[in-house]
Structure formats: C-alpha cells, structure tokens
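Contents: one structure, followed by commentary.
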Amino acid sequence: MPQEVKEIFGSALASKVRTLGPSMTRSMQRVAEAVAKDPAGCAALTVTGLAELTGTSEATVVRTARLLGYPGYRDLRLALAGLAAQQQSGRSPAITTDIAVDDSLADVVAKLAYDEQQTLADTAAGLDTVQLGAAVTATASARRIDVYGVGASGLVAQDLTQKLLRIGLIAQAHSDPHLAVTNAVQLRSGDVAIAITHSGATGDVIEPLRVAFEHGATTVAITGRPGGAVAQYADHVLTTSTARESELRPAAMSSRTSQLLVVDCLFVGVAQRTYETAAPALAASYEALAHRHRR
C-alpha cells in the first residue's frame, strides 16, 4: 500500500480536528492541521512561534486552541507534549492515502478499510456519552419517535427506525420533507424527534426538527457539524466524524459509517433500558420472519 501521506494523531485530537475543521476559518484550519501533523514540533513552539509557522496571528492560535477544547494555548501545548511522548514510546503512525483512479482493487480495499477504521475510532473518541445517555433516556420512554434524514442520511434514519420497531417502539423514518413537517406538528412532550444530517445545514431535516422542538418534543441531532444550524433546535447533539472526502469517495459514503455507529450506540442503549419488553419483542420479530429464511 503506497504511503503518499503520513499523519500522526492522538485519537481525541484527531477526532476534534476532523470534525471541527470544516467549521473553522482557513487560518484556524492551518493551525489545527499543524498541531495534528506535528504535535512534538508544535509543543516546542510559543504561541508566537506557532503563529509564525502557520502564517496566522497569536489570537488565531488561541482561538483554535479553545475551539479544540483547551482553555488556552498553554493547555494545548501540554496536550501536544503528551502526544509526542506517546509517539516516541513506540506507537506506530497512522497512514492515510487518497484513492487514485489507477489504484489496484487491493489498494482500494486497504485504503477504504483504513479510513473506515479511522472514522469509527474518531467518532467513538468524540462522542459525548452524557448527551448520548440523555438521548437514550428520552427515546426509551418516548410515546412516539420520528426520525428525519434525506439522501444517505435517510438510509441511516430507516436503519434506526427498523431497529426500534423490532423492540416494540413506535418509530417512523421521514425522508419526504412535507410528510416530515406534517408529522412533526403532531409531536408533543414525551415524544422524540431525531434529525440526521452530516452537514448540519440540510433544510429538509432542520425544518421538521424545528417544528418538533417548538411543539415540545425532545429533539436529538446526529451531525458532523455540532455548530451547524440543526444544533439550535436540538436538546441533545451527537457528533459524528468522517473520513476525508475525495473525488472517488464523497462525504455521503464516509459520513454514513459514523452515523451508523452512533445509531447503533443509541439503539443498544435503548434496548438495555427497555430490556424486559425489548427482548420478547425482538424474539417475536425473529420468529415471525424465520419461515422466510428456511428452505
């Protein structure tokens, strides 16, 4: 497998850079990319030095550190020094490469497998379990659950509702924006609305979530852009990560991987909370379909 690009990440920092990068200014992206690619080198720099290295300002460096979750640049430097120490102790670097038109199928398989693994690891590292727990609690006790998603996210919405239906919950997936809104107006306190949008800016998903929010339902957003417009109508935000988009692998493919992981985490949490009713319901659904899988 060719090693065209090498990037060394700590998993938590990698997740933050990958997830928050698209919402940063270009100057902030340069700072984030620099600390992610060379934590040891950046840990040795003052705030002025890192600003000069990235062609930005000291204020931009500080803002970037805060956006990545650190109180200030000093705290970011300490974290970078810790990552550098881990790497020097023998941790092997992660290698990512873009898919080329003339790649062999063996290389395509290897590259996609690596990117899928990295995407799942980044999503797990960045997933807020407090927010997840709150979403699980609301969904487990919901009278009714509506899930909104279009395009590739619509497929994930269908996957979630199919799982919830099989453990006896009342759930519907809506990819038609008109039906989504007309159903959202029927939601009340005690209901749950879940919006799935990688960009966080999909109007056909945001509108029904807003309506559900205004009618008192508990709202959940599963998104790769926690600062996107969808978050303003979400009581709970579950953040996904994605592999790097390329010409031969659009965002819809990579985002679906992380969305499915978050959906599975949400579903398993709900199944745990409702085990006494979920287990018999799931067994009944297996039995109802068993004859279709027998010769």
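The values are calculated or read from the model by the stated rules, or taken from the named source; none is laboratory data. Everything quoted here is computed from the prediction, not taken from an experiment. Positions of Cβ are generated from backbone atoms using ideal geometry, with glycine treated the same way; all protein chains shown enter the neighbour counts. When the accessible area is computed, the model is the full protein with side chains, heavy atoms only, and any ligands, DNA or RNA have been set aside. Shrake-Rupley method; radii C 1.70, N 1.55, O 1.52, S 1.80 Å.
For the reader, a short list of remarks on this structure follows.
- Unique match (being farther than 30 Å from Asp191 by Cβ and either in contact with a Pro (Cβ under 8 Å, 6 or more places away or on another chain) or modelled with pLDDT under 85 (or both)) among Leu105, Leu68: Leu68
- Taking the stretch 208-226 as the range and being touching a helix residue (DSSP H, G or I) at 6+ places or on another chain (Cβ under 6 Å) and farther than 19 Å from Arg256 by Cα as the test, the residues that pass are Pro208, Leu209, Arg210, Val211, Ala212, Phe213, Thr218, Thr219.
- Counting only helices (runs of 4 or more DSSP H) that sit wholly inside the stretch 177-295, those with at least 2 residues that are modelled with pLDDT of 95 or more are 177-184, 203-214, 251-273.
- Here Glu52 fulfils each of the conditions (1) modelled with pLDDT of 90 or more; (2) under 22 Å from Thr223 (Cα atoms); (3) among the charged types (D, E, K, R) apart from (2).
- Residue-level analysis places Leu20 among those that are open to solvent by 10 Å² or more (accessible area, probe 1.4 Å) and at pLDDT below 80.
- Of all residues in the stretch 142-176, those satisfying the criterion of being closer than 18 Å to Gly216 by Cβ and part of a loop (DSSP other than H, G, I, E, B) are Ala142, Arg143, Arg144, Ile170.
- When the stretch 281-295 is filtered for residues that are open to solvent by 30 Å² or more (accessible area, probe 1.4 Å), of a type outside the set (Phe, Trp, Tyr) and free of Cβ contacts under 8 Å to residues at least 12 places away in the same chain, the ones remaining, listed by number, are Ala283, Ala284, Glu287, Ala288, Leu289, His291, Arg292, His293, Arg294, Arg295.
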